[in-house]
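Since every read-out is calculated from the coordinates, none of them should be taken as a lab result. Computed from a prediction, not measured in an experiment: that's the story for all the values here. Neighbour counts are summed over all protein chains in view; Cβ atoms, including those assigned to glycine, are modelled from backbone coordinates with ideal geometry.
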Amino acid sequence: MKVLLVELLGLIYVANCAYAAPVLSNASLASKPKDAGQPPAAAAPSTIGGFPAQYFYHGDNPAKRAPIDQLIGKPAPAILVTPPHGKTAPVMKDKIVVLDLWTTWCPHCIEAIPENKKLISKYADKNVVFISVCTDQGQEKLPKIIKDNGIDYPVYKDFNNKMQKPWRTMFFPMIDIIDAKGIVRATGVGPQAMSYIIDALLKEPAGAPQ
């Protein structure tokens with residue numbers, strides 16, 4: 001098994017033996033109602049990291065999102081993955097990175113696969129890289145999932161779930177977007193909103209193809 005440690009700034013590899021759609025609505029992403037007697041929730045933000053709150057899972061619930069929102073505006077945590085057979089991690093330095101943390105037992109993750117395919121095709125000639133990472137649980141089903149859903153992009157494996165803690169994974173799919181400077185710009189993005197955020201970042205000087 002090969003363990004690959006990738007730091008977005010510096011692109012350090014450590015190897016040792018052998019990843020106009022409709023905007024998501026707050027109603028579709030609403031969390032479960034609070035129990036009676038709980039204090040009222042804080043007012044829902046209109047934006048998260050400068051993007052409309054409806055682009056995000058639980059965008060209307062800042063308390064629920066607080067742990068992952070703390071990553072926004074900070075250097076991205078390292079990405080620790082096991083690459084597919086015969087594959088290496090794509091070059092991420094100076095690129096916009098879409099990180100998709102998912103698992104085989106999550107129906108919403110499977111439903112997001114067509115959006116992933118469209119996104120990869122749309123930005124194939126842009127300064128964008130898509131990294132799909134399957135978490136440790138359910139990896140034995142990955143070959144069948146790939147075959148049944150016609151996944152034609154590399155799917156990396158989270159090595160012993162080393163990524164879930166630093167990326168503060170709260171739900172699946174957990175889609176995070178990192179800008180070309182290696183800064184986390186969006187966390188917990190809804191699959192249908194990925195392109196809106198990517199388009200905005202591509203318009204920034206650092207995100208433009210070089």
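Points worth noting:
- Taking a sphere under 15 Å around the Cβ of L201 and counting the other residues whose Cβ falls inside, with K and R at +1 and D and E at -1, yields a net charge of +1.
- Across q = 0.12, 0.15, 0.22 Å⁻¹, the range 106-176 modelled as identical point scatterers on its alpha-carbon atoms has Debye log10 I(q)/I(0) values of -0.33, -0.53, -1.11, in the order of the q list.
- For the range 55-194: rounded, prolate or oblate by the Cα gyration tensor [a/c cutoff 1.5]: rounded
- Separation in nanometres of the label points that stand 7 Å from Cα toward Cβ, at A124 and K147: 2.6
- When each of the peptides 146-156, 167-177 is scored by the mean number of other C-beta atoms lying within 10 Å of its residues, the order from highest to lowest reads 167-177, 146-156.
- Neighbour net charge for G188 - beta-carbon separation under 11 angstrom, K R +1, D E -1: +1
- Summing Lys and Arg as +1 and Asp and Glu as -1 over all other residues whose Cβ lies under 11 Å from the Cβ of W102 gives a net charge of -3.
- Here each label is just a point 7 Å from Cα along the line to Cβ, and for K165 and Q139 those points are 1.7 nm apart.
- Whole-Å distance, taken between Cα centres, linking the range 120-198 and the range 46-92: 9
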